[in-house]
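The values are calculated or read from the model by the stated rules, or taken from the named source; none is laboratory data. Since this is a predicted model, take the numbers as computed values, not measurements. For neighbour counting, all protein chains shown are included, and Cβ atoms are generated from backbone atoms with ideal geometry for every residue, glycine included.
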Amino acid sequence: MKIFAFFVALLTGGVLIYGVEDMPGWGDPNSAPSLHVSPRYIEKTIEETDTPDMVTSVLADYRGYDTLGETTVIFTAGVACLLLLRRDNQ
Amino acid sequence: MIVQYENVIIKTICRLLIPFIQLFAIYVIMHGHYSPGGGFQGGVILGASFILLVIAYGLEESRRRMSLKALTIYASVGLFIYSGIGAVCLLMGGNYLDYGRLPLPLSSIPTIRAMGILGIEIGVGIGVMAIMICIFLGIASYETGGENG
């Protein structure tokens with residue numbers, strides 16, 4: 001069974017490494033995000049959100065749904081810690 | 001368990017330092033539009049100031065000021081502010097978290113969006129602060145086998 005699991009892990013890793021080959025290079029100016037998404041944020045941030053810090057406007061406005069998920073993850077982690085650590089002996 | 005440690009230097013320094021740490025945390029949250037910072041970072045700094053209070057003054061003394069129940073409520077309130085702002089946008093006819101639709105008495109849409117960003121940063125800050133203290137208090141009071149919060 002352990003041999004089988006090892007081969008499944010090896011196969012999954014191989015598929016992932018094969019997939020990495022198709023990813024654009026680091027900072028490639030011709031990749032899809034660099035051509036469409038990033039220039040849009042850089043040019044329109046002040047105009048659309050009145051926020052000079054681009055990171056904040058992307059984090060909280062353009063990618064607001066993602067940040068809501070992050071906050072939910074932190075909340076869930078805290079509640080799980082409390083459930084595990086709390087003891088009501090009194 | 002963290003017991004109260006009778007050292008006047010530590011207590012005095014903490015008493016002097018904690019208000020400024022909290023002020024800096026609020027600055028980091030509020031100034032996230034113009035400099036590195038925001039809800040997560042400011043919330044962690046705010047939580048660290050309370051953790052410093054617990055370390056300096058001991059667990060029993062600190063429990064009079066904060067309870068786990070209240071902190072859990074704070075964490076929920078933080079998340080509720082975030083998702084509530086999104087829901088208000090939905091009710092006003094926009095998309096979820098489309099801050100331009102918030103009913104604020106401001107002139108331009110970009111300014112309203114900036115205020116919406118500030119609102120969710122405050123929500124994130126409250127939530128992260130409460131969760132930080134919750135985890136610390138949970139671990140710190142684990143050995144005592146009881147939590148009266």
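Could you check how many residues of region B:26-43 are out of contact with any Ser or Thr (no Cβ under 6 Å at 6 or more places or on another chain), crowded, with 17+ Cβ neighbours inside 10 Å and touching a residue at least 40 places away in the same chain (Cβ under 8 Å)?
5
Just checking, which of A:43, A:47, A:70 is among the charged types (D, E, K, R), more than 20 Å from residue B:41 (Cα to Cα) and surrounded by 10 or more Cβ atoms within 10 Å (Cβ to Cβ)?
Just one listed residue meets the conditions, A:43.
Out of all the residues in region A:36-44, is one or more modelled with pLDDT under 90 and more than 28 Å from residue B:33 (Cβ to Cβ)?
no
I'd like the residue in region B:5-57 that is aromatic (Phe, Trp, Tyr) and under 19 Å from the mean Cα position of the chain (by Cα) and, out of all such residues, is nearest to residue A:75 (Cα to Cα). So that I can check it myself, show each step before the final result.
Taking region B:5-57 first, the residues aromatic (Phe, Trp, Tyr) are B:5, B:20, B:24, B:27, B:34, B:40, B:50, B:57.
Still in the running and under 19 Å from the mean Cα position of the chain (by Cα): B:20, B:24, B:27, B:40, B:50.
Details: B:20: 26, B:24: 23, B:27: 23, B:40: 12, B:50: 18 Å.
The residue in question is B:40.
Look at residue B:91 and say whether it is on the phi < 0 side of the Ramachandran plot, hydrophobic (A, V, I, L, M, F, W, C) and at pLDDT below 95. Outline the logic, then answer.
Numbers: on the phi < 0 side of the Ramachandran plot: yes; hydrophobic (A, V, I, L, M, F, W, C): yes; at pLDDT below 95: yes.
Criteria met by residue B:91.
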